[in-house]
Amino acid sequence: MRTLTPSEIKRLEENRCHAEDWQKITVGENFSADRLYDVQFIGECSIGSNSDTVTTDMGYELPTGIRHARIINSTIGDNTLVENVSAFICNADIGDNCIVNNVSVIQTTEGTTFGQGNTISVMNEAGEGNVVLYSGLTSQIAALTVLPPCLGEQYDDADATIEARRQAKDAVRRMVMEEVMSRMPKRTLIEDNVRITDTIEITNSWITQWTEVRGAQRISETTLWSRRDNSVFVGAGAIIDGCIVTLGSSVSNNAIAKNCFIGENSTLTDGFSATDSLFFANSYMANGEACAAFCGPFSVSHHKSTLLIGGMYSFYNAGSATNFSNHAYKMGPIHYGIMERGAKTASGAHILWPAHIGAFTMCMGKIATHPDTSSLPFSYIIGDGTDTYIVPARNIATVGTYRDTAKWPRRDMRPQGSRRSMVDTEWLNPSTMTKVVEAKVTLEALRDQKGAREVYQTADGSLIKRSALEKGISLYTLAIKLYLNRHLKSADEEADYNTSFDDTTASQTFGRPLSRGASLFADLGGMQISNASVMRIVDAITSGNIDTTEDLMAEICRYYDGGSLDTDIDRKLALRIADAIYGWNSMDADDRRRLIDSCHEARREWYDMVRRDAEREYELGDVDDATLNGFLAKLEEEEPAS
């Protein structure tokens with residue numbers, strides 16, 4: 001960089017440019033004074049080369065330079081266009097090949113953190129803060145620090161691992177803050193190849209390469225973290241305060257986000273309002289509201305009057321006017337709950353926290369009895385504000401479940417290099433299947449212990465009709481056979497297969513009765529992992545073997561999709577289930593083959609049930625001929641041969 005020549009200063013003044021002191025202005029070697037018009041400089045400013053052009057989104061070539069702007073103690077990079085700044089650019093660094101057009105204010109004020117290190121309370125709205133925001137946050141790291149079974153705030157007093165978990169949680173916070181402090185810029189930074197147009201205010205923000213901001217109202221104390229192949233977009237009317245927005249995500253159309261993480265191709269749009277919430281991996285939020293919500297992979301809310309508050313969601317779809325209540329009376333918003341993966345709410349559903357809703361469950365009506373149906377997955381839950389009825393397993397063989405489980409792998413919009421959160425889309429997975437087994441055992445015990453009656457009552461007071469209970473046992477048996485069909489190979493091949501885990505702790509835990517198997521596996525922010533593996537991670541943190549966030553994510557990745565430590569979990573679990581329910585280990589080869597054949601037949605039965613469900617919807621007049629025939633044709637292509 002160099003100071004201006006006298007001829008350049010003269011030319012600038014002819015172009016209505018002014019400076020407190022021209023000697024404080026430095027420029028690049030290929031600087032052209034002709035490219036500046038009506039610019040006021042205050043303090044020390046630096047301008048790069050400006051002899052080239054930049055290309056707009058519409059494909060127009062525009063000459064770089066600065067026009068109609070006030071620049072205060074700031075730097076402008078090479079071949080960048082800055083024009084029509086109505087107030088000022090103050091204490092900011094703008095990179096190369098950028099367009100900054102029609103903005104009011106870009107500035108840095110004292111004490112900025114760019115949203116990095118911002119601690120928020122997720123799920124427990126009245127909590128002291130359990131998630132630290134930073135650019136590298138993933139659904140697994142967030143879940144690890146939020147969930148009570150992992151490092152969350154509530155523990156069983158009898159749990160001998162409490163102190164280790166608390167130490168690990170403190171260590172994770174320290175790791176995050178160390179990373180934040182080592183990488184954070186000193187003032188507002190707009191990196192290379194950024195486009196900012198028609199925007200009112202950018203304050204204390206870090207905007208990385210290839211980001212586009214068009215028509216935003218305000219971006220403050222925020223980091224927008226992009227890659228060239230997966231850039232962030234902030235659109236018309238957006239207000240973003242204290243947030244991290246990363247990798248392909250967008251906030252637009254008058255959406256408002258305060259103290260949120262919005263990551264990995266997630267979308268907030270159409271007036272959606274979010275506070276103290278997390279959105280991961282293809283989540284889509286429009287029109288409604290979220291507060292203290294953990295929205296894991298593929299969480300979706302499209303409708304107005306829908307409030308997601310104080311809950312954990314993943315693979316979730318909110319019906320219109322869905323509401324959750326976390327504020328019972330005078331003690332404040334202290335309650336929270338979990339909707340396990342694949343759970344849904346019907347239009348007008350209202351759930352009073354605390355509650356724990358099992359995987360792939362449909363919730364309807366006002367559910368006010370705080371049920372725990374985590375061990376009754378795939379159910380319908382129907383509340384009337386007083387009583388809660390459960391229809392167990394009803395959702396196993398429906399068109400909705402079939403379509404949902406088929407669409408998630410196709411709808412992962414994240415480029416391969418940007419998939420930081422680990423997402424398992426398989427619906428019959430270890431955590432779900434251990435609960436399916438537990439559900440079957442629970443329903444059979446309820447029937448055997450209570451005898452024949454019209455309505456059965458569960459431990460939490462929920463009601464199950466006799467016909468629904470019997471059908472539930474049948475459907476859970478079907479799901480078990482579907483799982484065995486996928487993972488049992490042949491009678492001979494499985495005979496001597498080692499079903500133990502690699503370490504003693506995991507093996508002992510895995511050896512517990514499968515009727516109590518729901519605690520063996522965790523759905524950690526969309527990733528399947530054994531709880532023994534979670535404790536291995538906790539131990540590695542507390543022992544100091546993991547002391548950076550990258551080390552932590554690398555360790556979590558080792559367990560993804562089986563990984564190098566939890567090798568072949570599904571196959572081992574299938575064999576354990578086959579032995580616990582059907583006596584696999586005591587069977588001869590012929591009996592094993594007959595069981596495997598019956599599992600093949602169960603798959604065909606499942607397709608038949610899905611087909612009948614589609615035809616039933618057609619008979620109700622809800623779909624036309626073309627839609628039904630198209631669905632049935634697709635189903636026939638996938639159905640196994642007889």
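The values are calculated or read from the model by the stated rules, or taken from the named source; none is laboratory data. A quick note: this is a predicted structure, and the numbers were derived from the prediction, not measured. Note that we place each Cβ from the backbone using ideal geometry, even for glycine, and neighbour counts take in every protein chain shown.
Report yes if some residue within the range 498-515 is aromatic (Phe, Trp, Tyr), in a helix (DSSP H, G or I) and at pLDDT 90 or above; otherwise report no. Taking every residue of the range 498-515 in turn, none turns out to be aromatic (Phe, Trp, Tyr), in a helix (DSSP H, G or I) and at pLDDT 90 or above. Just name the residue that is nearest to Gln528 (Cα to Cα) out of those in the range 420-462 that are at pLDDT below 90 and among the basic types (Lys, Arg). Of everything passing the filter in the range 420-462, Lys450 is nearest to Gln528 (Cα to Cα). With respect to the conditions (1) surrounded by fewer than 23 Cβ atoms within 10 Å (Cβ to Cβ); (2) under 23 Å from Thr138 (Cβ atoms), Leu428 lacks only one, and its number is (2).
You will find that of Pro371, Pro297, the residue that is in contact with a Lys or Arg (Cβ under 9 Å, 6 or more places away or on another chain), surrounded by 23 or more Cβ atoms within 10 Å (Cβ to Cβ) and of a type outside the set (D, E, K, R) is Pro297 and no other. In the range 623-642, the residue that is farthest from Ala602 (Cα to Cα) out of those that are hydrophobic (A, V, I, L, M, F, W, C) and touching a residue at least 24 places away in the same chain (Cβ under 8 Å) is Phe631. Of the residues making up the range 40-49, not a single one is modelled with pLDDT of 95 or more, out of contact with any strand residue (DSSP E or B) (no Cβ under 9 Å at 6 or more places or on another chain) and of a type outside the set (D, E, K, R). The residue pairs whose first member lies in the range 11-23 and is without any contact (Cβ under 8 Å) to a residue 40 or more places away in the chain, whose second member is in a helix (DSSP H, G or I) and among the small types (Gly, Ala, Ser), and whose beta carbons are closer than 9 Å, counting only pairs six or more residues apart or on different chains, are Arg11/Ala33; Leu12/Ala33; Glu14/Ala33; Asn15/Ala33; Cys17/Ala33.
Within the range 606-620, none of the residues are closer than 30 Å to Ile529 by Cβ, out of contact with any helix residue (DSSP H, G or I) (no Cβ under 6 Å at 6 or more places or on another chain) and without any contact (Cβ under 8 Å) to a residue 60 or more places away in the chain. Considering Gly337, Gly342, the condition of being touching a Gly at 6+ places or on another chain (Cβ under 9 Å), touching a residue at least 12 places away in the same chain (Cβ under 8 Å) and not aliphatic (A, V, I, L, M) is satisfied by Gly337 alone.
Counting the residues of the range 117-135 that are surrounded by 20 or more Cβ atoms within 10 Å (Cβ to Cβ) and either in a strand (DSSP E or B) or aliphatic (A, V, I, L, M) (or both) gives 6.
Applying the condition of being out of contact with any Gly (no Cβ under 9 Å at 6 or more places or on another chain) and part of a strand (DSSP E or B) to the range 208-243 and asking which residue is nearest to Asn91 (Cα to Cα) yields Ile219. Answer yes or no as to whether Ile207 is crowded, with 20+ Cβ neighbours inside 10 Å and free of Cβ contacts under 8 Å to residues at least 40 places away in the same chain. Answer is yes for this residue.
Any residue at all in the range 218-225 that is polar (S, T, N, Q), more than 21 Å from Thr56 (Cα to Cα) and touching a Phe, Trp or Tyr at 6+ places or on another chain (Cβ under 7 Å)?
Yes; the residues of the range 218-225 include at least one that is polar (S, T, N, Q), more than 21 Å from Thr56 (Cα to Cα) and touching a Phe, Trp or Tyr at 6+ places or on another chain (Cβ under 7 Å).
Hey, any hits in the range 265-274 for a residue that's of a type in the set (Asp, Glu), assigned to a loop (DSSP other than H, G, I, E, B), modelled with pLDDT of 95 or more and over 28 Å from Asp229 (Cβ atoms)? No, every residue in the range 265-274 fails to be of a type in the set (Asp, Glu), assigned to a loop (DSSP other than H, G, I, E, B), modelled with pLDDT of 95 or more and over 28 Å from Asp229 (Cβ atoms). Give the residue that is modelled with the lowest pLDDT, with candidates limited to residues of the range 592-630 that are over 30 Å from Ile577 (Cα atoms), touching a Phe, Trp or Tyr at 6+ places or on another chain (Cβ under 9 Å) and hydrophobic (A, V, I, L, M, F, W, C). For the range 592-630, the residue satisfying everything is Val623. Taken together, Ser325, Ser314, Ser374, Ser379 contain a single residue that is in contact with a strand residue (DSSP E or B) (Cβ under 6 Å, 6 or more places away or on another chain) and under 26 Å from Leu144 (Cβ atoms), which is Ser374.
Let's see how each residue does on (1) surrounded by 14 or more Cβ atoms within 10 Å (Cβ to Cβ); (2) within 28 Å of Leu475 (Cβ to Cβ):
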position: Asn545; (1), (2): no, no
position: Leu552; (1), (2): yes, no
position: Arg593; (1), (2): yes, yes
position: Cys599; (1), (2): yes, yes
position: Asp613; (1), (2): yes, yes
position: Ala626; (1), (2): no, no
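The range 284-389 holds strands (runs of 3 or more DSSP E) entirely within its bounds, and those carrying 1 or more residues that are more than 30 Å from Ser474 (Cβ to Cβ) and under 20 Å from the mean Cα position of the chain (by Cα) map to 284-286, 289-291, 307-309, 311-313, 323-325. Looking only at the range 407-415, decide whether some residue is part of a loop (DSSP other than H, G, I, E, B), on the phi > 0 side of the Ramachandran plot and in contact with a Phe, Trp or Tyr (Cβ under 8 Å, 6 or more places away or on another chain). No, because not a single residue in the range 407-415 is part of a loop (DSSP other than H, G, I, E, B), on the phi > 0 side of the Ramachandran plot and in contact with a Phe, Trp or Tyr (Cβ under 8 Å, 6 or more places away or on another chain).
The residue list Asp57, Asp52, Asp78 contains one member that is within 14 Å of Val100 (Cα to Cα), at pLDDT below 95 and not hydrophobic (A, V, I, L, M, F, W, C), which is Asp57. Of the residues Ala318, Ala346, the single one that is surrounded by 24 or more Cβ atoms within 10 Å (Cβ to Cβ), small (Gly, Ala, Ser) and either modelled with pLDDT of 95 or more or within 20 Å of Leu376 (Cβ to Cβ) (or both) is Ala318. Taking each residue of the range 25-45 that is under 18 Å from Pro6 (Cβ atoms) and looking for partners that are among the basic types (Lys, Arg) and not in a loop (DSSP other than H, G, I, E, B) with beta-carbon atoms closer than 6 Å, six or more apart or interchain, yields Ala33/Arg11.
Taking the conditions (1) at pLDDT 95 or above; (2) in contact with a helix residue (DSSP H, G or I) (Cβ under 7 Å, 6 or more places away or on another chain) in turn, Asn130 satisfies each one other than (1).
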